[in-house]
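Shown next, in structure tokens, is the structure this report addresses.
The values are calculated or read from the model by the stated rules, or taken from the named source; none is laboratory data. Computed from a predicted structure; not experimentally measured. Backbone-built Cβ (ideal geometry, glycine too); neighbour counts: all protein chains shown. Remember, those area values only see protein heavy atoms, side chains included, never the ligands or the DNA or RNA. Shrake-Rupley method; radii C 1.70, N 1.55, O 1.52, S 1.80 Å.
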Amino acid sequence: MLKIGDEAVEALRKADQIALTEILVWQEVDRIISRRLRLPAYATWKRRRLKMLEEYRKPEHWGLDPNAMLVRELADTSDRHVLVAGAEREGPALYLAARGAAVTAVEPAEDAVERVVRAAEAAGLTERVRGYCADLGAWAPDVALHAVVCTPSAFTGLSAQDRARVIEVLQSATVDGGVHLVETIVAGTDSTVDEAFPIEELTSRYSGWTISVERSANRRETFMARKEAAVA
């Protein structure tokens with residue numbers, strides 16, 4: 001660093017200027033470092049960053065089907081709070097964060113949470129993703145939720161009574177018009193079917209919500225429930 005400083009002073013002495021000030025030396029040092037590290041100019045960096053962010057907003061970038069229910073129903077999540085439970089797949093969490101959502105990722109496995117957080121850091125989405133190492137049976141949201149996205153592992157190990165309590169907590173934390181998406185496994189198509197949340201049980205827990213179920217190409221079903229506004 002001292003050698004770079006000497007180089008900057010020498011370069012400035014050879015240039016036409018009124019006075020050799022400390023500020024000018026700092027600027028010249030920055031210029032030399034940028035040149036040696038081949039750092040792009042701000043305008044170039046900004047153009048590349050905007051292009052990258054636009055790519056992040058595409059579901060395909062995160063391995064998501066552009067026609068999936070999650071993509072269609074949560075396309076407009078800017079400045080909204082979304083919970084992704086069972087975050088063993090970072091795609092949904094990072095996709096929603098790239099779309100402007102404030103995402104809370106909850107997963108019992110510490111390595112899974114770290115993977116989501118590291119992926120968010122690599123994508124420059126750290127400010128929009130919070131990771132919690134916890135299971136839903138021992139966790140509750142600290143903000144009002146606009147959407148909840150759950151994968152099959154989110155309810156692993158919970159009894160029917162525990163699942164009912166968890167859903168009640170999440171329903172209470174969800175604003176009117178909010179959406180819950182729960183991915184389940186079609187019976188007989190996966191060895192982990194015991195981890196699935198039966199559609200019948202989900203339907204019974206969402207009485208008063210608008211419900212729909214959609215089967216995807218990978219033979220999984222996505223349960224969606226939208227919270228209706230309370231009648232005054």
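For this structure, a couple of remarks:
- Local electrostatic count at residue 102 - Lys and Arg +1, Asp and Glu -1, tallied over other residues with Cβ under 12 Å: +1
- Within the accessible area of the stretch 35-147 (1.4 Å probe), percent carbon and sulfur: 51
- Surrounding net charge for residue 211, when Lys and Arg each add one and Asp and Glu each subtract one, Cβ distance under 14 Å: -3
- Heavy atoms of the protein chains alone define the surface here; on that basis the stretch 71-191 has 42 Å² accessible area per residue at 1.4 Å probe size.
- Peptide ranges 115-122, 199-206, 93-100 listed from the most packed, as the mean C-beta count within 10 angstrom indicates: 93-100, 115-122, 199-206
- If the chain linking residue 118 and residue 216 were pulled fully straight, counting 0.36 nm for each residue of separation and taking away their Cα-Cα distance, it would gain 32.4 nm.
- Seen through its C-alpha gyration tensor, with square-root eigenvalues sorted a ≥ b ≥ c, the stretch 50-90 comes out rounded because a/c lies under 1.5.
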